[in-house]
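All remarks here apply to the structure that follows.
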Amino acid sequence: MLKQLVRMLPLLRPSLSWLCVLISLCLLTCGYWLWSGIRLENALKPLSKLTVDQVQVSGPAPTDVYDYEEQLVVLYNRVPKTGSTSFVNIAYDLCKLNKYHVLHINVTANMHVLSLPNQISFVRNVTKWHEMKPALYHGHMAFLDFSKFQIAHKPIYINLVRKPLDRLVSYYYFLRFGDNYRPNLVRKKAGNKITFDECVVQKQADCDPKNMWLQIPFFCGHAAECWEPGSVWALDQAKRNLVNEYFLVGVTEQMYDFVDLLERSLPRIFHGFREHYQNSNKSHLRVTSSKLPPSEATIKAIQKTKIWQMENDLYEFALAQFEFTKRKLMQPDNKHLQKFMYEKIRPK
C-alpha cells in the first residue's frame with residue numbers, strides 16, 4: 001500500500017499545492033475577522049473597562065504636577081530665648097490673610113528630642129496632612145532628618161541663633177522675673193534674687209556654662225552625641241546641618257533682615273512680614289521684666305570655658321553664612337536685586 005502511495009505522489013502534487021493555498025487563505029481570513037472583532041469590541045467598551053494593554057496613550061507623558069506653593073511646609077525648630085516668640089506671633093497674625101496654617105509642636109515636658117514612635121508619627125503627619133498645607137510648624141525641638149523616613153518632599157527648615165552668653169543671661173533672669181508676654185505667670189525661680197554675677201562667683205548650677213549647650217544640639221539633631229556638652233562631633237554635625245539642611249538661619253540681632261529674606265524668598269507664607277514686623281507691636285515680644293547685664297569679670301570667666309567657645313563658634317559660623325546670604329541678595333552696586341535668566345538655549 002505504501003509503495004502505491006509513493007508512486008502516486010507526482011500525480012497528487014498539483015492538487016496538494018492548491019489545497020495548501022486554500023488552507024492559507026482560510027487562516028488569513030479568519031485571523032482578519034478575529035482581529036477586527038477585537039477592535040470593534042474595544043471600541044464599544046467604556047474606557048474604564050479597558051486594560052492597560054488595550055489603551056494606546058497618545059501625546060506627551062504627564063508632567064510633574066506637584067504644586068510647590070500649595071504644598072509648602074516650613075519647619076521652625078526654634079531655639080529658646082532667641083526672639084522666636086516675636087517671629088511666631090507675626091505668623092499667627094497673618095496666617096488667615098495669607099491662607100496658610102500655623103501649628104505649634106507641643107512635646108511632653110518640653111522635651112527637645114522625640115521618641116522613635118513619635119518621630120515616625122510626626123514625619124508622616126507633616127508630610128501627609130494635606131488639609132493643613134501650606135503650613136508653618138514651630139516648636140522647641142531638635143533637628144529631625146526627614147530623609148531617613150523615605151520622604152520625597154522634605155519640609156524647609158528655618159531657625160534663629162543668638163549670642164550664647166546673651167541667651168543664657170536672658171534665660172537666667174526669665175526664670176526669676178518672667179516677661180511682658182505673660183506677666184502674671186509665676187516662674188519656677190520666682191523669688192530668687194541672686195544676680196547672674198553672684199551666681200557665677202558662687203558657681204551655682206543655674207549659671208553653669210553647660211546650660212549654654214543648646215544651640216549646638218538643636219542643629220545637631222537626635223543623635224545621643226549631640227547632647228554631650230563639649231562634643232566636637234556635635235559641633236561639626238551642627239555646622240553641616242546648618243549649611244546643608246536649613247534654608248535660612250538668621251541671628252536675633254538682625255531679626256528684620258531675617259524676616260526680609262524670608263518674605264523675598266518664600267512669599268507664599270511670609271508675604272507682609274516685613275511691614276508687620278516694623279509697624280505692629282509684635283516685633284519685641286517677651287522682653288524679660290528685669291535683667292542685669294553681666295560684669296566684665298563675669299564675661300571673661302564665661303568666655304574661658306570650652307562650652308562658650310564652642311557655642312560661640314557655631315554662632316559666628318551662622319552669622320558668617322547669614323551675612324553671605326544677605327550680600328548675594330543684591331547686585332554689587334547694592335541698589336538692585338540679583339536676577340538670573342536662561343540664555344544660549346540649543347537647539348533652537
Problem - segment 220-306: translational diffusion in µm²/s, Stokes-Einstein, Kirkwood Rh over Cα pairs, 4 °C, 1.567 mPa s - result: 78 µm²/s
Practice task
Filter the cross-link list K128/K154; K81/K154; K189/K304; K81/K148; K154/K328; K203/K306 down to pairs whose alpha-carbon distance in this structure exceeds 18 Å.
Solution key: K81/K154; K189/K304; K81/K148; K154/K328
Practice task
Treat segment 67-154 as a sphere of radius equal to its Kirkwood radius over Cα pairs and apply Stokes-Einstein at 37 °C in a medium of 0.692 mPa s; give the translational diffusion coefficient in µm²/s, rounded to a whole number.
Solution key: 237 µm²/s
Handout entry: Under 16 Å from the Cα of K99 - aspartates and glutamates, other chains or at least 8 residues apart
Key = D67, E69, E70, E131, E263
Handout entry: Cα gyration tensor, segment 84-231 - rounded (a/c under 1.5), prolate or oblate
Key = oblate
Completion exercise
Full extension between S290 and V107 adds, at 0.36 nm per residue less the Cα distance, a length in nm of 63.0 nm
Fill in the blank from the handout: In terms of the charge dipole of segment 231-348, which places +1 on Lys and Arg and -1 on Asp and Glu at the beta carbon, the residue among Q309, S295, F270 farthest towards the positive end is F270
Exercise for the section: In debye, nearest 20, what is the charge dipole magnitude of segment 69-201 about its Cα centre with +1 on Lys and Arg Cβ and -1 on Asp and Glu Cβ, if you could check? Expected result: 260 debye
Exercise for the section: Please name whichever of F143, F174, C226 sits farthest to the positive end of the charge dipole of segment 141-263, dipole taken about the Cα centre and charges placed at Cβ: Lys and Arg +1, Asp and Glu -1. Expected result: F174
Fill in the blank from the handout: Row for segment 189-348, column shape: gyration tensor on C-alpha, a ≥ b ≥ c, rounded if a/c < 1.5 i.e. under 1.5, prolate if a/b over b/c, else oblate; value prolate
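Read the figures in this text as sums done on the coordinates, not as results from a lab. Keep in mind that what you see is a predicted model, and the values were worked out from it rather than measured. So basically every Cβ, Gly included, is an ideal-geometry build from the backbone, and we count neighbours across all protein chains shown.
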